[in-house]
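Below: one structure, written as structure tokens.
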């Protein structure tokens, strides 16, 4: 059982309550075990949706009953009733314990000098920022979380050191919510799509100690009736708080106790060094800084050379950086990939995965795994068996069996050399005549996409038969995900460059073909669709221009992304005859 299952369970409850016209139950805790989820309510409630078993004030969902949730009407559109649910730690049964901070109101964290409350609040901050329901709440950090909001770049995660200003703003919000509160149960507002938005909860995570006056203001703000969509976790005491996490550094494993339940927890913590690493990671992955792709301009850094004993078919020794003979052979075959005979094994990756030109027969077992091994060896020449085991996440026995199958399948060259030689040096390398369509595409654009001839770009697109690794299931070829992305990006760039050149030359047929061919690898790509729109507009094909324009606009709406400014101007130009006026 996982948090994904918990999310589905909570949405099933929301859909059930909306369909039945009843108020949702008041949740306190969610306990996620290996084969069971327990939702512990504030009061007994027997009106549970299909799949749940009710015992006392808890609703239980067994792993065998999860599929029943799909039968709840309106599940896919259901709201999330308890977006302030956050992990507190693991209990003594190793269940993940999550608490509904809205139900707690104010959660005070009281620890001795051996504990750091900041580590607990940091874990909550990161989880609330990235949970499946993260966009349905506001997270305000008081004192802690430096750098995190800027790294996240999210409108609903903010940080301040001015606690008084936060309290002033929350008091104004509280007054409005109490004036307009319609239902007895706060979460019932969220089942009504017309009322849900103003009831987005705000969670205050106060790492810095509050003054007595600030604590009193916060307590009155949260605990006064009727309750509002504001909750707080505070490092230190809060007057009137009924929920607390008490820690004792002398306890085994630095356990904490959740009062008033008495649950003993191993808390979820993110230490200062870990938080720094997390923020660094978020900043890096969220950065919009880019560098030119290696295939865009001149390629200056060549791959690592293979072992010294690699020779070409004519017997000459070589290294990777001076492989002129191999490049000439590949160029000759790649210029006409449809009609050219296949003299040596070629692994096709740019579309359905196939091995052409093998001298042996297809193995009766694990043929697809053999193809994956072949691809890994082509991309990682001269590596060891241990590196191969680690990268492919397989047992050594499995690797040896599949390598034997692949060796037999590849067979030997016309002069009797094995296409997969035994690795007597400890370094595994395929025969230099074994190649892939991806390597051929790279050679055709080795001078850089923007410098390659039109004929080379066209030949490169000719080898594309569909999306890279088209018939690999998600989760397979895990090591090749970056490779697959590079393939898609490179093909997109080739198609775009060739289409742009063709449009400048007035060759509409070539422009149409180039963009369409690249779209096989990168379906729905904005820049390629824009190239198709420019082409059809230039051809006077009004119907196709409108169809592609509507497709691109609808796709952006579905994905919830903004179109590039140049794309917006293009769509205005082709649909309205001109770009809309704008002040400088």
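The values are calculated or read from the model by the stated rules, or taken from the named source; none is laboratory data. Because the structure is a prediction, the values reported are computed rather than measured. We place every Cβ from the backbone using ideal geometry, glycine too, and count neighbours over all the protein chains shown.
Output the number of residues of segment 77-111 satisfying the condition of being touching a strand residue (DSSP E or B) at 6+ places or on another chain (Cβ under 7 Å) and in a loop (DSSP other than H, G, I, E, B).
6
Going by the structure shown, is residue 509 under 29 Å from residue 445 (Cβ atoms), in a helix (DSSP H, G or I), without any contact (Cβ under 8 Å) to a residue 24 or more places away in the chain and not assigned by TED's automatic domain parsing to the domain that holds residue 447? Give the derivation first.
Values: under 29 Å from residue 445 (Cβ atoms): yes; in a helix (DSSP H, G or I): yes; without any contact (Cβ under 8 Å) to a residue 24 or more places away in the chain: yes; not assigned by TED's automatic domain parsing to the domain that holds residue 447: yes.
So residue 509 passes the test.
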So residue 357, is it out of contact with any strand residue (DSSP E or B) (no Cβ under 7 Å at 6 or more places or on another chain), farther than 30 Å from residue 123 by Cβ and either loosely packed, with under 11 Cβ neighbours inside 10 Å or modelled with pLDDT of 90 or more (or both): no
Given (1) assigned by TED's automatic domain parsing to the domain that holds residue 201; (2) buried (at least 20 other Cβ atoms within 10 Å of the Cβ); (3) modelled with pLDDT under 95; (4) within 32 Å of the chain's Cα centre (by Cα), index of the condition residue 109 fails: (4)
Residue in segment 276-298 that is outside the structural domain of residue 129 (by TED's automatic domain parsing), over 22 Å from residue 145 (Cα atoms) and modelled with pLDDT under 80 present: yes
Residue list for segment 194-217, restricted to those being closer than 25 Å to residue 77 by Cβ and part of a loop (DSSP other than H, G, I, E, B): 194, 195, 196, 200, 201
Per-region count, segment 21-46, residues in a loop (DSSP other than H, G, I, E, B) and either outside the structural domain of residue 11 (by TED's automatic domain parsing) or closer than 16 Å to residue 78 by Cβ (or both): 5
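Please go through segment 531-576 and pick out each residue that is assigned to a loop (DSSP other than H, G, I, E, B) and within 25 Å of residue 509 (Cβ to Cβ).
If we filter segment 531-576 for residues that are assigned to a loop (DSSP other than H, G, I, E, B), which is where we start, we get 539-541, 560-564.
Residues satisfying the conditions are 539, 540, 541.
With the requirement that a residue be in a helix (DSSP H, G or I) and surrounded by fewer than 16 Cβ atoms within 10 Å (Cβ to Cβ), what does segment 174-193 give you?
Residues satisfying the conditions are 175, 176, 178, 179, 180.
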Yes/no for residue 578 being in contact with a helix residue (DSSP H, G or I) (Cβ under 8 Å, 6 or more places away or on another chain), exposed (fewer than 15 other Cβ atoms within 10 Å of the Cβ) and free of Cβ contacts under 8 Å to residues at least 12 places away in the same chain: yes
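Residue 195: touching a residue at least 12 places away in the same chain (Cβ under 8 Å), in contact with a helix residue (DSSP H, G or I) (Cβ under 6 Å, 6 or more places away or on another chain) and farther than 24 Å from residue 124 by Cα, yes or no? Walk me through it before giving the result.
Working: touching a residue at least 12 places away in the same chain (Cβ under 8 Å): yes; in contact with a helix residue (DSSP H, G or I) (Cβ under 6 Å, 6 or more places away or on another chain): yes; farther than 24 Å from residue 124 by Cα: yes.
Yes, satisfied.
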For residue 74: the one exception among (1) outside the structural domain of residue 143 (by TED's automatic domain parsing); (2) modelled with pLDDT of 90 or more; (3) part of a loop (DSSP other than H, G, I, E, B): (2)
Residues within segment 4-63 that are in contact with a helix residue (DSSP H, G or I) (Cβ under 6 Å, 6 or more places away or on another chain), surrounded by fewer than 21 Cβ atoms within 10 Å (Cβ to Cβ) and on the phi > 0 side of the Ramachandran plot, tallied: 0
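For segment 132-145, name all the residues that are closer than 18 Å to residue 2 by Cα and without any contact (Cβ under 8 Å) to a residue 60 or more places away in the chain. Break it down stepwise before answering.
The initial filter retains those residues of segment 132-145 that are closer than 18 Å to residue 2 by Cα, namely 132-134.
Residue satisfying the conditions is 134 alone.
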Residue under evaluation residue 440, criteria (1) surrounded by fewer than 18 Cβ atoms within 10 Å (Cβ to Cβ); (2) assigned to a helix (DSSP H, G or I); (3) within 31 Å of the chain's Cα centre (by Cα); (4) assigned by TED's automatic domain parsing to the domain that holds residue 355, criterion not met: (1)
